[in-house]
Ligand code: DNO
């Protein structure tokens, strides 16, 4: 297991010199944020990121994310040109020594929450999701602020985009994903890169938009579209775990050879399609983190792991889910679990 930490570049209030002080931290997970979605990342920007990481004693082997342009997910007229740009990014990242590219195939909205700062009895706060609150939101009316969402759309642009998606049901989205994978996976193979799709967060459709990367059956279908190691998964416990039907340790054992990147975090399920994010340890939430890490260790997992969203604690302010302190506690917990599970003293 290689322990990594997400870093949002120069604008991130968390610095590389802080990240390197987390015990056993091997590298950062980052991206070029200055290039618009769909365009090719300048080689100089990729090299600069790598250099910044390395000068802080950290590797840069995982990219999260190279975003997939909506035209590709829609199967629109620009899709093939944009897929070609995507392939070029994969080649460039492979040349720069990147081993894993995380991406997702969620229409319009990336991860979705109804609250950015739910306050807990201990005074900490975290992200939370309440289905009823989300259903009352009207994204097309504007004024919506979501953590993982590209807010560069104006309200009319968003309305037009949502309108186009009315013609895209789950099967159409599968078809567009298939077209994408058939073009990108051979390039990833040649470039020494493993593609790792991130599950939909939360793993169900909303606002009439389809979501398909949600459960064991669908992950199996996805992996069979191109049966190559380069067509792999980012196993995000908090995303998949929001549906209690998903048996996470079982899924890890089933897909182990195709899991290249793991996002470890815990959530507390507070109702039907409602959850809040918690500290990483098992007793803090609904997910059995021991059983999850155990399934990875038993499967001989040697890919990349990162602590995922943390709470805001000790008065920290910053990017929702991505403060320093609670994620660092999560990293230490993951290391402790890993050592206790894998160490064999004779
Ligand atoms: C949220 C993240 C996601 C993830 C993308 C991958 O914190 O897990 O935004 O980076 O969905 O493309």
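For the reader, a short list of remarks on this structure follows.
- The value of relative contact order for the chain, using C-alpha pairs under 8 Å at least six residues apart, is 17 percent.
- Relative contact order (percent, whole number), segment 251-330, Cα cutoff 8 Å, 6+ residue spacing: 30
- Going from the fewest other Cβ atoms within 10 Å to the most, the residues 60, 301 appear in the order 301, 60.
- Computed packing ranks the peptides 338-346, 75-83 as 75-83, 338-346, most packed first, by mean other Cβ atoms within 10 Å.
- Cα-projected label distance for residue 220 with residue 250, points at 7 Å along beta-carbon direction, nm: 1.1
- Value of [θ]222 nm, deg cm²/dmol, for the chain, DSSP H segments ≥ 4, -39500 (n - 2.57) each, nearest 500: -11000 deg cm²/dmol
- If you plug the beta carbon distance of residue 288 and residue 44 into 1/(1 + (r/R0)^6) with R0 = 51 Å, you get a FRET efficiency near 0.70.
- The GNM of the chain, with springs linking C-alpha atoms under 10 angstrom apart, assigns the highest mean-square fluctuation among 289, 312, 206 to 206.
- Fluctuation leader among 189, 171, 71 - the chain, Gaussian network, Cα springs under 10 angstrom: 171
- Share of Cα-Cα pairs in the chain lying beyond 40 Å, as whole percent: 6
- Across 141, 45, 328, mean-square fluctuation computed from a Gaussian network of the chain (C-alpha pairs under 10 Å connected) peaks at 141.
- Antiparallel bridges, percent of DSSP beta bridges restricted to segment 206-288 (to nearest 5): 55
- Rg over Rh [alpha-carbon atoms, Kirkwood Rh] for segment 173-263: 0.96
- Mean Cα-pair separation over length for segment 173-260, i.e. relative contact order, pairs under 8 Å, 6 or more apart, %: 32
- Once the convex hull of all Cα atoms in segment 1-119 is built, its volume per residue stands at 132 Å³.
- Shape analysis of segment 265-346 based on the Cα gyration tensor places the equivalent ellipsoid semi-axes at 25, 16, 10 Å, largest first.
- D_trans [Stokes-Einstein, Kirkwood Rh over alpha-carbon pairs] for segment 50-121, 10 °C, 1.306 mPa s, µm² s⁻¹: 107
- Each peptide in 93-106, 17-30 was scored by the mean count of other Cβ atoms within 10 Å over its residues; highest first, the order is 93-106, 17-30.
- When both bridge partners sit in the chain, DSSP labels roughly 30% of those beta bridges antiparallel.
Laboratory data are not the source of any read-out in this text; all were calculated from the coordinates shown. Since this is a predicted model, take the numbers as computed values, not measurements. Virtual Cβ from ideal backbone geometry, glycine too; neighbours counted across all protein chains shown.
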